[in-house]
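Structure incoming, see below.
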Amino acid sequence: MISEFLKDGEILKKINSLKKSTDFERIIKNNRSYKYKDYFIYVERNTNDIYHFGLSVGKKIGNAVTRNKVKRQIRSMIDQIYFKNNFNCIIIVKKSYLNHTFNENSKCFKEAMEQLNLVKGIQNHEKKES
């Protein structure tokens, strides 16, 4: 299986990404949206042994440089969390995302994922002071 090659906490790879517009349309059309401070999140449960994420950052967010920065930040947030398997998730970013710092956005994202019951655990990359 594909999941045998993936380890918990690996970076968001192509295998974990949703790219096809048909996947986006199916998930958005057939599933309920969850509204959070800076995100709309659609979750589709499935029987696969892997999870997939799709990111959507609209033109209202800013120019291409800003949109790509936001996508990189969200991928980084995804990489910091150990997820359960068996779901597809689409994250649509609201314009209010830009009004907050990365740490605030990261905290909000982690809380959203925990409320949706998608999280196994969270990696701790911070150094502990002795």
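The values are calculated or read from the model by the stated rules, or taken from the named source; none is laboratory data. Treat the numbers as computed from the prediction; the structure is a model and nothing was measured. All Cβ positions, glycine included, derive from the backbone under ideal geometry; neighbour counts span all protein chains shown.
If you scan segment 1-51, which residues turn out to be modelled with pLDDT under 70 and acidic (D, E)?
Passing the criteria: E4, D8, E10.
Let me ask something additional. Give segment 14-43 a look and list any residue that's of a type in the set (K, R) and part of a strand (DSSP E or B), or say none.
Answer for segment 14-43, where residues must be of a type in the set (K, R) and part of a strand (DSSP E or B): just K35.
Please find, among N105, N68, N85, the residue that is surrounded by fewer than 19 Cβ atoms within 10 Å (Cβ to Cβ) and farther than 19 Å from K120 by Cα.
Matching residue, one of N105, N68, N85: N68.
Tell me, which strands (runs of 3 or more DSSP E) lie completely within segment 44-130 with 2 or more residues that are among the hydrophobic types (A, V, I, L, M, F, W, C) and more than 17 Å from Y34 (Cα to Cα)?
81-83
Listed here are the residues, each with its yes/no results for (1) surrounded by 15 or more Cβ atoms within 10 Å (Cβ to Cβ); (2) touching a strand residue (DSSP E or B) at 6+ places or on another chain (Cβ under 8 Å); (3) closer than 19 Å to N117 by Cβ.
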position	(1), (2), (3)
I27	yes, yes, yes
K37	yes, no, yes
Y42	yes, yes, yes
T47	no, no, yes
K59	no, no, no
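If you scan segment 51-82, which residues turn out to be touching a Leu at 6+ places or on another chain (Cβ under 7 Å) and touching a residue at least 40 places away in the same chain (Cβ under 8 Å)?
Once the filter is applied, which keeps residues that are touching a Leu at 6+ places or on another chain (Cβ under 7 Å) and touching a residue at least 40 places away in the same chain (Cβ under 8 Å), segment 51-82 yields F53, R75, I78, D79.
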